[in-house]
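One structure is given below, encoded as structure tokens.
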There are 2 protein chains.
Amino acid sequence: MDTKEFTKSIPMEQVSVEDDFWGGIQEKVRTRLIPYQWEALNDRIEGAEPSFCLRNFRVAAGTEQGEFAGCVFQDSDVAKWIEAAAYTLIAHPDPDLEATVDLAVDQIVSAQQPDGYLDTYYIINGLDKRFTNLRDNHELYCAGHMLEAAIAYFRATGKRKLLDAMLRYVDLIDQTFGAEEGKLHGYPGHEIIEMALMKLYDLTGEEKHRRLARYFIDQRGQSPLYFAQEKQEKPFRWASTSYGYQYYQAGKPVREQEEAQGHAVRAVYLYSGMADVARSTGDDSLWEALTGIWNNMTRKRMYITGAIGSSHVGEAFTYDYDLPNDTVYGETCASVGLVFLAKRMLSVKPKGEYGDVMERALYNGVISGMNLSGDRFFYVNPLEVLPEACRKDEGKRHVKPVRQKWFHCACCPPNLARLLSSLGDYAYGTRDRTLFVHLYMGSRVQVNFAGQGVCLGVETRYPWEGRIGIEVKDCGEAEWTLALRVPGWCRGYTLFLGQQEVTGELRDGYLYVTRRWKKGERLELALDMPAEEVRANPRVREDIGKVAVTRGPLVYCLEEADNGKDLHRVLLDQEGEWKALWEPDLLGGVVTLSGEGLIESEEDWGEDTLYRPAGEVTYENKKLKWIPYYAWANRGEGEMAVWIRKSS
Amino acid sequence: MDTKEFTKSIPMEQVSVEDDFWGGIQEKVRTRLIPYQWEALNDRIEGAEPSFCLRNFRVAAGTEQGEFAGCVFQDSDVAKWIEAAAYTLIAHPDPDLEATVDLAVDQIVSAQQPDGYLDTYYIINGLDKRFTNLRDNHELYCAGHMLEAAIAYFRATGKRKLLDAMLRYVDLIDQTFGAEEGKLHGYPGHEIIEMALMKLYDLTGEEKHRRLARYFIDQRGQSPLYFAQEKQEKPFRWASTSYGYQYYQAGKPVREQEEAQGHAVRAVYLYSGMADVARSTGDDSLWEALTGIWNNMTRKRMYITGAIGSSHVGEAFTYDYDLPNDTVYGETCASVGLVFLAKRMLSVKPKGEYGDVMERALYNGVISGMNLSGDRFFYVNPLEVLPEACRKDEGKRHVKPVRQKWFHCACCPPNLARLLSSLGDYAYGTRDRTLFVHLYMGSRVQVNFAGQGVCLGVETRYPWEGRIGIEVKDCGEAEWTLALRVPGWCRGYTLFLGQQEVTGELRDGYLYVTRRWKKGERLELALDMPAEEVRANPRVREDIGKVAVTRGPLVYCLEEADNGKDLHRVLLDQEGEWKALWEPDLLGGVVTLSGEGLIESEEDWGEDTLYRPAGEVTYENKKLKWIPYYAWANRGEGEMAVWIRKSS
């Protein structure tokens, strides 16, 4: 691969998100989620489990007495919060918030050891034990998150305190781990440091940072297996687990891996790091392995909502076409990580399918993780819920019928925060003199083609409407190319420049239009966006005989609030004529879909018959109303279903 | 209730089972399973986990050194083996087997303590701790099983050694537990002693035995809750568990219980004891509670195979209409216990539905627990299996795609053995001058109506054919009644006495024929037995839009061996014309069903598309072959499904 072929994403500093949909979500993250999480970090949320996160840093610094408390990776909570806060500061300078971050940074850095080490779990429990249980104890994971936080905060404010601290810690890690003799040949039990180091490399340009990222990726799963060796050497608090090494994506070297395996969040974080290294080094074999895994994951192991992780046991991938809707894990963090990965895939190759997956996850399985107020969260994102089952079937206890205040393991809310507050980083890309539009949102973007400044304004009611207006706000004289993603769901579109239809060139899911653009010109892309019934590959056992209803990038669902109980008895019996209606006062403003279906009658069964000869099944007419999946569970507890039976 | 109204079952001593179906199964139990289990008890099965069961008794007796090993209830394994062996001795005297049992009894009784106590777990771990953790440690459960063994062995051989030992132990238990001040107000964490004590009462007529059984039932769930008190008093090895008290059927007093709850085996053992006490005492309130629970269980929480226990977590009942086919527990022991219960319900009221449930469980969920050779066993009896899921989805690890050699917790095989070898106890009943036929099998039964000896010979190829010939082999002059169960699945039948059609009186599922019978007379009951498609109540989410195929008492299934992979893609599209064929060389001789169905095509999907617009679904014609459910997994590993999609 030639790295010069690669696409750069346009950083959020050059993108302002201005529309109601994403702008509204970002505003909720900024004004609700981030302050709410600060309270959580300081153990001030009534009825929620204390975080202990900042307290651990004070204990580690010796300014407070106590034991380590919380998850072994508790340090990462404040790191993610700082990262998210930093992103909001880029578009919304806020001296109070910045002062609060500074306070947090001070507490963090106070705990740093003379040699640069910075992980409260080991500082409190005994530094002699550090790096003795990489498999379980998340040191390198916490380091990765803190590094991302440091880079983001430096990016937002130019302040170096946390970044300098992390540069020292990274140096220590670099001295400790590596292929060289005398170093530990280990790698993290939970990935993320790989992509963090690549962000650092992109900032510093120092080869040692990229080399360390690459080492962690190359070493993973090599024989003899590090985790197996570690186990024999008195590791600190080795967890008893029946998970195999594939849980950690360490069953074999990454270049030999062909399937998305193990813990889904770990997996997509690793794959994101692999994409970063491939993008930065042009490593063909790494890219080849990655695309193989990507194809397996997105074509055989991904829910229609962009959720991944079919089983709550190990929060993990299972096997091809195993996509149960009611016992799914579908962790919010995993869909967030899938967006990280898709963005990185796009930066190597601008293929529509990468953008499609990014869009699918963002509009469905990611934002379903947060309620409309920004203060209740899902860890697990099911596609079918019977509240009674969540209470009475221990095998579905992980599925919550309503969003929760906070979690003992509070990874998801801050992950949402850091993704959504940096969404501007995801929408656009450039390569040479081409400007790629990956995501459609009301926004303004600025880019510079070799001295030629270009500014575009995008106006759209996407995802509610398929019309996207793009106005050239500023541009120079020379020719350049606009590349517009035509979503995979779209079966017809028109493109007009003023009153003139334009064809462009459709390649790999992007529509390329090259010309000498003029300031004030307005392009209108109109994507057909009818409600549509979608089927899953018939190999998916759980969806056979069923359809999901989608409209544009949004997956829809039926909720008890609109359709009553026993959604499994609903049967769709005709080519769905689903009437779309904008309802500004419902669920913060959504397009709903309405139409006719059937419901299998239970009346003639009574309560006393469990089995009887088949005979004729009777149905009643049933008015159905669909809402976007992401907005479910905002009206109290009730049933929900995405996949609905279709007559056959 | 008037106990004089009640029905007695006719003991197996007066019944000889002579047909190929049950006779063959009994022969396998006698010649394969029982010797095989003796090897298991003595830790001699290669590749299977050692039992340690008899070794524990030797350690407890001081004749061997060691620690207690195996499950806390390991003593019950040999008890169940003795019970099963004893039943076989009734029809098949076998001095070698009897000598082996005597050997086992000697080892058991050697471990008994001076005060009568006999539980190796506590004898080895410290007698001071006994009765300190009734909830978890199964002392009263082991006592119950050993008591059943003692009674059975006394019944078979007249030998009193084990019985006398257990009478002493029961006296100790009686002195220890009871409502009286100074006694422990406890009850077992796993029921069975209740029905064992009622068997003892039926043998001894001693009121103290019935009183103790009744005490354990009445005290259960009373406030203050014994298990909760116990927990505060340093119980020995209290298990950490998240199960609520309903797991032990102890959430409230049994008379206030309305649903089948908790661990399914515990539940049906308790209910069996309740039925015994109700039958023996005419206790209306107990019977009323029991029938409420029965109705809930059999009308809302029972699989079509007679399996019970919807969730592997807690091996437990969950909630109404929750009957998942692939994550089901359906423990063999639970269906065995359901047969125990149904028999006891019949002894209070001869209602066809009790016989129907007994038959449903016996012909399906019970005997599915054993392979055709009698040496491989299922603990879990799923109604749908994808072998890949059992290996790769931790949430389905409890489901095995093939029967196992033995189990660490080896409760199921010996439970099968003791039920199947005493099957004669289940087929017939009497009340006054009525002879009830609950189960149809080639057999001979003798009964005495106030001095009038009656002998019937039954000839039938049931369950393969619906014709049942009943010949009066011997009888006196006076009038008496034959009551034949008309199974709930039967929608038409004829009854002939010689060439003469007889109507009889159909009441509560039994056809009563009263006359002065003459020796040599032959009655022929012909039950229509077409293959039939059956639906589940539409409230059952997992079976909606599907049918099961049954014929007579047998539930059928599709297996990969006959029908290929991906059974979920099969669709039945017409009123099933399923052709029945006797195949003597298949699976030990079975009637198979064949016919036409469809299979949803995956060809036009390829490997790369996971979701796409609904469009037309294409099907291919598919020849289908059904086998009886109980015989599945006798031809290697493969898919299996009971519930199949039906076009709508």
Between residue B:27 and residue A:91, what is the label-to-label distance in nm when each label sits 7 Å out along the Cα-to-Cβ direction?
8.1 nm
Taking protein heavy atoms only, a 1.4 Å probe, and rounding to whole percent, the accessible area of the stretch B:532-646 owed to carbon and sulfur comes out at 44 percent
Diffusion constant of the protein assembly as shown at 20 °C, which comes from Stokes-Einstein with the Kirkwood Cα-pair radius and 1.002 mPa s, µm²/s:
63 µm²/s
Once you have the Cα-Cα distance between residue A:129 and residue A:13, take 0.36 nm times their residue separation minus that, and quote the gain in nm to one decimal.
37.6 nm
Simple spin-label estimate for residue B:164 and residue B:20 in nanometres, 7 Å along Cα-Cβ
4.8 nm
Between residue A:428 and residues 5 or more places away or on another chain, which pairs have amide H atoms under 5 Å apart, with H built 1.01 Å from N, and which residues are they?
A:10, A:438
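Is the stretch B:149-296 best put as rounded, prolate or oblate by its Cα gyration tensor, with a ≥ b ≥ c the root eigenvalues, rounded for a/c under 1.5, and otherwise prolate when a/b is larger than b/c, oblate when not? Write out the running numbers ahead of the final one.
Details: a/c = 1.74, a/b = 1.27, b/c = 1.37.
Taking the square roots of the gyration eigenvalues as a ≥ b ≥ c, the stretch B:149-296 is oblate.
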Two decimals is fine: what's Rg over Rh for chain B, C-alpha atoms, Kirkwood radius as Rh?
0.97
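Accessible area, 1.4 Å probe, largest first: how do A:181, B:83, B:477, B:532 sort? Can you show the working numbers first?
Values: A:181 180, B:83 5, B:477 155, B:532 40 Å².
I get A:181, B:477, B:532, B:83, largest accessible area first.
Quantify how strongly other chains surround peptide B:590-601 by giving the mean number of their Cβ atoms within 10 Å of each of its Cβ atoms. Show your work: numbers first, answer last.
Working: counts 0, 0, 0, 0, 0, 0, 0, 0, 1, 1, 6, 1.
Taking the mean over all residues of the peptide, I get 1.
With every protein chain present, what is the per residue accessible area of the stretch A:428-527 (1.4 Å probe, Å²)? Could you put the intermediate results ahead of the total?
On the way: 4330 Å² over 100 residues.
I get 43 Å² per residue for the stretch A:428-527.
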How large is the direction-averaged shadow of the alpha-carbon convex hull of the stretch A:532-646, in nm²?
8.5 nm²
Using a Cα-Cα cut-off of under 17 Å, which lysines could be cross-linked to residue A:396, ignoring same-chain neighbours fewer than 8 residues away?
B:396
Put the label 7 Å from Cα along Cα→Cβ for residue B:229; what are its distances to the other copies, in nanometres, shortest first?
5.9
Per residue accessible area in Å² of the stretch B:119-226, where ligands, DNA and RNA are left out and the probe is 1.4 Å
33 Å²
Return the Cα extents of the stretch B:182-224 along principal axes one, two and three, sorted largest first, each rounded to a whole Å.
34, 23, 13
Quick one: which of B:543-552, B:448-457, B:244-253 comes out on top by average Cβ neighbours within 10 Å, and what's the full order, highest first?
B:543-552, B:244-253, B:448-457
For the stretch A:319-384, build the convex hull from the C-alpha positions and give me its volume per residue in Å³.
102 Å³
To the nearest 20 debye, what is the magnitude of the charge dipole of the stretch A:316-452 about its Cα centre, counting +1 on the Cβ of each Lys and Arg and -1 on the Cβ of each Asp and Glu?
500 debye
What is the spin-label model distance, in nm, from residue B:204 to residue B:239 if the labels are put 7 Å beyond Cα along the C-beta direction?
2.9 nm
Ignoring ligands, DNA and RNA, what percent of the accessible area of the stretch B:428-527 is carbon or sulfur (1.4 Å)?
43 percent
Output row, site residue B:446, 7 Å Cα→C-beta label point, backbone N cut-off 15 Å, window the stretch B:462-484, residues B:473-476
What is the Rg over Rh value, at two decimals, for the stretch A:428-527, using alpha-carbon atoms and the Kirkwood definition of Rh?
0.93
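Work out the FRET efficiency for residue B:579 and residue B:506 from their Cβ-Cβ distance, taking R0 = 30 Å, and round it to the nearest 0.05.
Details: r = 31 Å, r/R0 = 1.02.
It comes out at approximately 0.45.
What fraction of the DSSP beta bridges in the protein assembly as shown is antiparallel, stated in percent and rounded to the nearest 5? Show your work: numbers first, answer last.
Details: 164 of 178 bridges.
Among the beta bridges of the protein assembly as shown, antiparallel pairing accounts for roughly 90 percent.
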Using a label point 7 angstrom from Cα along Cα-to-C-beta, what distances in nm, from shortest up, separate residue B:185 from the other copies?
6.6
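Of A:622/B:392; B:231/B:405; A:183/A:252; B:300/B:343; A:8/A:518, which pairs sit farther than 30 Å apart, going by alpha carbon to alpha carbon?
Numbers: A:622/B:392 39 Å; B:231/B:405 37 Å; A:183/A:252 21 Å; B:300/B:343 20 Å; A:8/A:518 24 Å.
From the list (A:622/B:392; B:231/B:405; A:183/A:252; B:300/B:343; A:8/A:518), the Cα-Cα distance tops 30 Å for A:622/B:392; B:231/B:405.
Using the reciprocal of the averaged 1/r over all distinct C-alpha pairs, how large is the Kirkwood radius of the stretch B:44-159 in Å? List each step's numbers first, then the result.
Details: mean 1/r = 0.0681 Å⁻¹.
Value: 14.7 Å, from the Cα pair sum.
May I ask for the net charge around residue B:33, where only other residues with Cβ less than 14 Å from the Cβ of residue B:33 are counted and Lys, Arg are +1 while Asp, Glu are -1?
Summing Lys/Arg as +1 and Asp/Glu as -1 gives +3.
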Dipole magnitude (debye, nearest 20) for the stretch A:18-145, charges at Cβ of Lys, Arg, Asp, Glu
360 debye
What's the total accessible area buried between chains A and B, using a 1.4 Å probe, rounded to the nearest 100 Å²?
5600 Å²
Calculated on alpha-carbon atoms, Rg and Dmax of the stretch B:361-438 in Å:
16.6, 59
For residue B:288 and residue A:618, what does the FRET efficiency come to when R0 = 41 Å and r is the distance between their Cβ atoms, rounded to the nearest 0.05?
0.75
Put a point 7 Å out from Cα along the line to Cβ at residue B:96; what are the distances to that point in the other copies, in nm, shortest first?
9.0
What are the ³J(HN,Hα) couplings of the stretch B:626-639, residue after residue, when phi is run through the Karplus curve with 6.51, -1.76, 1.60 and θ = phi - 60°? Round to Hz, x for glycine and proline.
9, 10, x, 3, 4, 8, 5, 6, 10, 10, x, 7, x, 5
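The values are calculated or read from the model by the stated rules, or taken from the named source; none is laboratory data. All values reported here derive from a predicted model rather than from experimental measurement. Every residue, glycine among them, receives a Cβ derived from its backbone with ideal geometry; neighbour counts consider all protein chains shown. With ligands, DNA and RNA removed, areas are computed over all heavy atoms of the protein, side chains included. Shrake-Rupley method; radii C 1.70, N 1.55, O 1.52, S 1.80 Å.
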